[in-house]
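Structure, as structure tokens:
The values are calculated or read from the model by the stated rules, or taken from the named source; none is laboratory data. This is a predicted model, so every value here is computed, not measured. Using ideal geometry, Cβ is built from the backbone for each residue, glycine included, and neighbour counts are taken over all protein chains shown.
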Amino acid sequence: MVETGGIFIVLPLVVMLLSLLPVCILFVRKAVNNGLLNVLRILCLFVFLQYLTLYFIQPRTPALQTGLALATFTLSFYLFRLMMPSYRGKDIMNMLLVSFLSVVITIYALKGITAYAGVLTIIQASLLTILALAVLFHLISNRQIALIDEPGFWIAGGLLSYYGMVVFMEALAGNRSMGSQQIQQEKDLIITVADMLRMVFFIVAASMAGRNNSENNHPEEPLPPPNPTRPPIKIKY
């Protein structure tokens with residue numbers, strides 16, 4: 001991890017606070033419980049615990065960092081699985097996730113939990129970036145929904161901004177053992193800022209879900225039917 005002190009303490013604190021906002025918004029607005037929003041809640045709480053553990057409780061612990069990163073990848077992957085429209089696509093993603101986790105756990109069991117950390121990080125981030133682009137392409141091509149009001153659009157955008165930056169920075173900075181301490185600190189700083197942007201996207205997604213739920217609970221009352229007009233009275237002389 002980066003050196004504790006100054007901006008390297010402030011930014012993780014900001015991310016921790018931002019990660020709690022989507023959970024609070026969904027709770028206060030009583031958003032409809034569905035799989036996507038429930039996993040989003042869990043992911044935000046897990047990000048809070050991840051920063052709390054790695055920066056304040058057990059800093060500089062590679063085993064914890066690797067394990068928590070794998071769990072975050074699994075939750076993010078499952079979010080995309082829930083946003084996949086076709087059942088065939090969901091089945092393919094299930095098989096892909098199980099296969100990938102099996103390979104990664106086997107590598108950790110044989111080589112140690114810190115083995116190939118840089119390579120696995122790039123693979124995980126690249127896979128999630130591709131899934132984010134696929135989901136966004138599907139949402140944009142679907143003209144029957146309003147993107148601004150769709151929580152899935154903001155969730156996919158937040159994950160794309162974060163994991164796209166992870167891929168870029170890991171490819172640029174290289175493995176931690178090969179880069180200087182200053183380069184690694186700058187890389188961690190930029191990734192933390194990208195995580196702040198991810199949480200902002202999640203906050204917007206929670207707000208859209210809460211607003212849509214409020215509109216569904218208070219539909220517009222239909223206008224009363226017009227008063228029937230009586231025919232004019234004819235007077236016979």
Which pairs have Cβ atoms under 6 Å, sit 6 or more apart or on different chains, and link a residue in the stretch 107-120 that is without any contact (Cβ under 8 Å) to a residue 40 or more places away in the chain to one that is outside any helix (DSSP H, G or I) and not charged (D, E, K, R)? 107/115
Do the conditions hold for residue 159, that is, is it of a type outside the set (Asp, Glu), part of a helix (DSSP H, G or I) and within 30 Å of residue 208 (Cα to Cα)? yes
Quick check: is even one residue across the stretch 17-33 closer than 24 Å to residue 130 by Cβ, of a type in the set (Lys, Arg) and surrounded by 14 or more Cβ atoms within 10 Å (Cβ to Cβ)? no
Criterion first (of a type in the set (S, T, N, Q), modelled with pLDDT of 75 or more and either more than 22 Å from residue 28 (Cβ to Cβ) or surrounded by 10 or more Cβ atoms within 10 Å (Cβ to Cβ) (or both)) does residue 192 satisfy it? yes
Taking only pairs six or more apart or across chains, which ones have beta-carbon atoms under 7 Å, a first residue in the stretch 55-84 that is under 19 Å from residue 120 (Cβ atoms), and a second residue that is among the aromatic types (Phe, Trp, Tyr) and assigned to a helix (DSSP H, G or I)? 71/46; 72/46; 75/46
Would you mention how many residues in the stretch 74-96 are under 20 Å from residue 37 (Cβ atoms) and in a helix (DSSP H, G or I)? 12
Identity of the residue in the stretch 111-125, out of contact with any helix residue (DSSP H, G or I) (no Cβ under 7 Å at 6 or more places or on another chain) and outside any loop (DSSP other than H, G, I, E, B), that ends up modelled with the highest pLDDT: 123
